[in-house]
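Q: Have a look at this one before I ask anything.
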Amino acid sequence: ASPTESLSAQLNTTTSMFHWGKWKKRMGANSSSKRPVFDEKEDVNFDHFQILRAIGKGSFGKVCIVQKRDTEKMYAMKYMNKQQCIERDEVRNVFRELEILQEIEHVFLVNLWYSFQDEEDMFMVVDLLLGGDLRYHLQQNVQFSEDAVRLYLCEMTLALDYLQSQHIIHRDVKPDNILLDEQGHAHLTDFNIATIIKDGERATALAGTKPYMAPEIFQSFVSGGTGYAFEVDWWSLGVTVFEVLRGWRPYDIHASNSVESLIQLFSTVSVQYSPTWPKDLVSLLRKLLTVNPEHRFSSLSDMQTAPYLSDVNWDAVYEKKMEAGFVPNKGRLHCDPTFELEEMILESRPLHKKKKRLAKNRSRDNSKDSQSENDYLQECLEVVQQEFMIFNREKGSVDQEDQIC
């Protein structure tokens, strides 16, 4: 085995042995005597957090576990490099996600607590959910019971109904974006391609992950059509529930499939449901996977009419009083250990060395006026610096001096 493979195996073993509860207590015990006090008037910033370990990454950034130094509360912190976001034309998506997250809060969402920035990165500090996402558990060959998936269905129904009340289309509902807490309850995350529509507006962009995207998104892209609305998230929920129960998706769709071929597929291929599933479950999934959005179930009131959910106590679901059918093992972190390995070995600008790096950069900038900087990039960085919205949910405040277009 190569040194990298050996280290990966060692890290994997360490992670599987890692007892999160005991470790959290030890962290608290070690830090309580030195708990710092920050000026309440001061904006929350990077120095207010202790970086603990990397747990994930996506197209828009990386995620690590952090502990707020003064309160000792644990969070997940997503950070996005400004220069990379500019080069990939992703700044607008980051700003839109921030704009949405600052306005919403729900028991079955991953909620934003703080947003701030420094010279290098933009940061979002959100709820920490240690149970892993549904994709991770599928890859670990977890066989989800029907009762477990039924609860996820109910919890995501409440989440989507809330988002709809806030005029938000998520556009990326899939197992990867449904995180479990330590009790096994589901939370929807990742709003970086979400959009807001109001007063009968329709979305038209080709956005989402192809295997989970509703037919009308592709149709709108090809024909111009009338666009699409909230119904697309309920189609994605249907695909997700089918996949988590069955182990594969109702349609064999991949990123390489052309839009035109997918439109034809939806009109010619019929979904094959498991003969072992209850008829009421199949009936509900048919309602979610209805190609015509006008006939698709797409609200809490629709779902409440389904015989499969007729006995659900929705208040108990909302209050998390329903026992989860699958509870993640509390003795380990449910994420790929190579995220931490990459941060340790491959990352050119590791987060734990940020303070020294920024100090060195400031010293260099003060000593000489660097002409080698790309003027356009510098201009873009200054715009990001000015327009970024600082947020602190505890204060209930948003810095809105510069409005996002």
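Derivation of every value follows stated rules applied to the coordinates shown; laboratory data play no part. It should be emphasised that the depicted structure is a prediction, and the values quoted were computed from it without experimental measurement. Reconstructed Cβ throughout: ideal geometry from the backbone, glycine too, with neighbour counts over all protein chains shown.
Q: Around Gly225, what is the net charge, scoring Lys/Arg as +1 and Asp/Glu as -1 over all other residues with Cβ under 11 Å from its Cβ? Before the final figure, lay out the partial values.
A: Working: positive: Arg202; negative: Glu216.
Local charge sum for Gly225: 0.
Q: Here's something else I'd like to know. How big is region 107-211 on each of its three principal axes, counting only the C-alpha atoms and giving the largest first in Å?
A: 39, 38, 26
Q: Taking K and R as +1 and D and E as -1, what net charge do the other residues with C-beta under 14 Å from the C-beta of Ile196 add up to? The partial results should precede the final answer.
A: On the way: positive: Arg92, Arg96, Arg171, Lys198, Arg202; negative: Glu97, Glu99, Glu103, Asp199, Glu201, Asp233.
Neighbourhood net charge equals -1.
Q: Starting from the exponent 0.38 and prefactor 2.2 Å, build the expected Rg for region 142-292 from its residue count and divide its actual Cα Rg by it. If you can, show how the numbers build up before the last one.
A: Values: Rg = 15.2 Å, N = 151, 2.2 N^0.38 = 14.8 Å.
Relative to the 2.2 N^0.38 Å estimate, region 142-292 comes out at 1.02.
Q: Hey, any idea what Rg/Rh is for region 257-296, computing Rh the Kirkwood way over Cα pairs?
A: On the way: Rg = 12.2 Å, Rh = 11.5 Å.
Radius of gyration relative to Kirkwood radius: 1.05.
Q: Around His170, under 13 Å between beta carbons, what's the net of Lys plus Arg minus Asp minus Glu among the other residues?
A: The answer is -4.
Q: Which far-off residues, 5 or more places away or on another chain, put their amide H under 5 Å from the one on Lys62, with H placed in the peptide plane?
A: For Lys62, whose amide H was placed from the backbone, the distant partners under 5 Å are Tyr79.
Q: Sticking with this one: In this model, which of Lys174/Lys330; Lys78/Lys210; Lys82/Lys395; Lys62/Lys198; Lys68/Lys320; Lys68/Lys210 are farther than 29 Å apart at the alpha-carbon? Mind dumping the intermediate values first?
A: Values: Lys174/Lys330 24 Å; Lys78/Lys210 24 Å; Lys82/Lys395 26 Å; Lys62/Lys198 31 Å; Lys68/Lys320 26 Å; Lys68/Lys210 38 Å.
Result: Lys62/Lys198; Lys68/Lys210 exceed 29 Å.
Q: Find the relative contact order for region 184-263 and round it to a whole percent, using C-alpha pairs within less than 8 Å whose residues are 6+ positions apart.
A: For region 184-263, the relative contact order is 29 percent.
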